[in-house]
Amino acid sequence: MSYSKKLEYEIVLKDSFSVIWGCSKCGRKIRFKNTKKFRVNANGNKLDIWLIYQCEECKHTLNLAIYERQKASSIPKMEYERFLENDENLAEAYGKNVQLFRKNKADIDFERVNYDVVKLRESIESSDSGLQAVVTIHNPYQLKVRLEKQIARDLGLSRSQVKDMMKKGEIKLEKN
């Protein structure tokens with residue numbers, strides 16, 4: 001019987017996503033950043049709520065729709081109050097929500113994503129297979145990251161050794 005090492009990681013964003021968008025003032029596509037503020041507009045009994053992004057150069061704003069033409073009663077009361085208070089934690093959470101950017105057809109600037117790879121668990125288990133390591137990576141933001149670097153650091157190996165071990169099946173990488 002052999003033993004295998006199990007490692008489990010999660011990719012965690014440090015900041016909101018930046019957006020590449022055509023700025024009408026600058027006249028070109030440029031990076032917009034999260035202001036951590038919301039705009040709430042009422043029209044009769046319907047609400048619109050946007051997360052406000054701002055051009056890094058000229059400060060022109062871009063509103064990303066969170067709710068459009070929603071009845072006030074359909075928005076949870078506590079969340080609505082947090083929108084009105086410009087709750088920074090809520091703005092940060094929406095600024096990390098990939099679906100929000102897809103819905104608004106906004107291009108995330110994946111080149112400048114600020115993230116950490118956090119180790120959740122490490123264990124050693126008996127195994128009938130010859131695998132030496134099983135690595136699970138939770139990537140809820142679908143970031144394109146070079147995972148062999150993190151694995152190499154934690155296993156005390158070079159990146160080329162990790163790549164070779166992955167090819168041989170000695171390290172199994174599971175992505176979630």
Verdict on Gly22 being free of Cβ contacts under 8 Å to residues at least 24 places away in the same chain, closer than 26 Å to Phe110 by Cβ and not aliphatic (A, V, I, L, M): yes
Residue among Gln99, Gln142, Gln132 that alone is closer than 30 Å to Cys23 by Cβ and modelled with pLDDT under 85: Gln142
Strands (runs of 3 or more DSSP E) wholly inside the stretch 70-176 containing at least 1 residues that are among the aliphatic types (A, V, I, L, M) and in contact (Cβ under 8 Å) with a residue 60 or more places away in the chain: 115-127, 133-138
Cys26, sole failed condition from (1) assigned to a loop (DSSP other than H, G, I, E, B); (2) open to solvent by 60 Å² or more (accessible area, probe 1.4 Å): (2)
Candidate set from the stretch 53-96 (those that are closer than 19 Å to Phe17 by Cα and basic (Lys, Arg)); member that is surrounded by the fewest Cβ atoms within 10 Å (Cβ to Cβ): Lys59
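Yes or no, residue by residue, for (1) of a type outside the set (Gly, Ala, Ser); (2) open to solvent by less than 50 Å² (accessible area, probe 1.4 Å); (3) out of contact with any Asp or Glu (no Cβ under 6 Å at 6 or more places or on another chain); (4) at pLDDT below 85:
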{"residue": "Asp116", "(1), (2), (3), (4)": "yes, no, yes, no"}
{"residue": "Lys119", "(1), (2), (3), (4)": "yes, no, yes, no"}
{"residue": "Ser127", "(1), (2), (3), (4)": "no, yes, yes, yes"}
{"residue": "Ala152", "(1), (2), (3), (4)": "no, yes, yes, yes"}
{"residue": "Glu170", "(1), (2), (3), (4)": "yes, no, yes, yes"}
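The values are calculated or read from the model by the stated rules, or taken from the named source; none is laboratory data. In this text, all values refer to a predicted model and were calculated from it rather than measured experimentally. Positions of Cβ are backbone-derived with ideal geometry, glycine not excepted, and every protein chain shown enters the neighbour counts. In case anyone asks, the SASA skips ligands and DNA or RNA and just uses the protein heavy atoms, side chains included. Shrake-Rupley method; radii C 1.70, N 1.55, O 1.52, S 1.80 Å.
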